[in-house]
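Computed from the coordinates by the stated procedures, all read-outs in this text should not be read as laboratory data. What you see is a predicted model; the values in this text were computed from it and never measured. With ideal geometry, Cβ positions are generated from the backbone for all residues, glycine too; neighbour counts draw on all protein chains shown.
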Ligand SMILES: NC(=O)c1ccc[n+]([C@@H]2O[C@H](COP(=O)([O-])OP(=O)(O)OC[C@H]3O[C@@H](n4cnc5c(N)ncnc54)[C@H](OP(=O)(O)O)[C@@H]3O)[C@@H](O)[C@H]2O)c1
């Protein structure tokens, strides 16, 4: 059995590849642009014929939320048409697709964690393109698995934690939004969850396809997330941490609107696959520790 991982040089893809290398089981072929392009159906089809994957994990995406507002065509090509191509080829060849999606498919007008079957109502181009990607995947067959996650960070790529730690070196004061609520998710934890589902698919004949949620346990704001990053950094020896000033979304305009409340209810993934959540502050501390061991305080 072969697992094809697409998007392997992104922040989640790298964690999936690293963790898979440390586990037994099927071989994994890991690819990203330029060797694989999920928008190129002809080349993708050829790749499927050569590799004959039984499971495809798609972590590839267009993730620049603000730039998406002015690059809608590219964003839809990668986030809607790409997953549609992968899902169609998986159906044709008998493979199962594990596809990653986002909390930004919700409008954020609620105040209790979103369930998998709550209606989606995205408020920006990125969220709309991801919602259409989910639909395209689920329309091909109910056997595929979509995992929605939120506020992703990790050792690799660009993310909020690394940005905060970089800014700690450059600034004495930072203004951070305090009225958007969500669940920070460690990419390494999500990678474990994805691989647990892949193991499950390999071992079981039948499985419950559908949409699942996975994120860190606990709800917070970007402001509280930032102060937690600096508390942990100070504890681990960072000499200077900035003062963090809470601001409202209205005071901090961005090109794309973001949901004000996008916490996810993750009980479904626990019930179907036995995957529990990790408290977000514990994962944050472990990740910062790992990053500092790897690269010091140079962000
Ligand atoms: N980041 C978050 O906060 C967040 C939150 C919720 C959900 N998610 C979802 O989680 C998943 C993983 O996100 P991430 O943060 O790991 O993303 P990422 O770091 O941006 O990685 C995405 C990878 O996909 C590649 N890619 C882009 N277009 C492609 C194409 N046409 N064909 C093949 N590969 C392509 C990118 O390559 P280039 O870098 O060369 O473009 C990049 O290596 C995505 O589905 C994302 O929507 C992310």
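Points to keep in mind about this one:
- Counting only DSSP beta bridges whose two residues both lie in region 116-234, roughly 25 percent are antiparallel.
- Note on the chain: helix-only mean residue ellipticity at 222 nm, from DSSP H runs of 4+ residues weighted -39500 (n - 2.57) and normalised by residue number, equals -12500 deg cm²/dmol.
- Pair-distance profile P(r), taking every C-alpha pair of region 75-176, with 10 angstrom steps and integer %: 14, 35, 30, 16, 5, 1
- For 272, 109, the sequence from fewest to most other C-beta atoms within 10 Å is 109, 272.
- Equivalent-ellipsoid semi-axes of region 240-282, from the Cα gyration tensor, Å, largest first: 32, 18, 7
- Taking the fewest neighbouring Cβ atoms within 10 Å as the starting point, the ordered list for 37, 179 is 179, 37.
- Over region 1-118, the reciprocal of the mean inverse Cα-Cα separation, the Kirkwood hydrodynamic radius, stands at 15.4 Å.
- Here the Debye sum runs over all C-alpha atoms of the chain as equal scatterers in vacuum, and log10 of I(q)/I(0) at q = 0.09, 0.10, 0.13, 0.17 Å⁻¹ comes out as -0.43, -0.53, -0.91, -1.50.
- Comparing Cα centroids, region 257-286 and region 159-195 end up 15 angstrom apart.
- Projected onto its three principal axes, the C-alpha set of region 192-299 covers 54, 37, 22 Å, listed from the longest axis down.
- Note on 96, 141, 221: ascending count of other Cβ atoms within 10 Å places them as 141, 221, 96, the fewest first.
- With viscosity 1.567 mPa s and temperature 4 °C, the Kirkwood radius over alpha carbon pairs of region 135-214 converts through Stokes-Einstein to a diffusion coefficient of 84 µm²/s.
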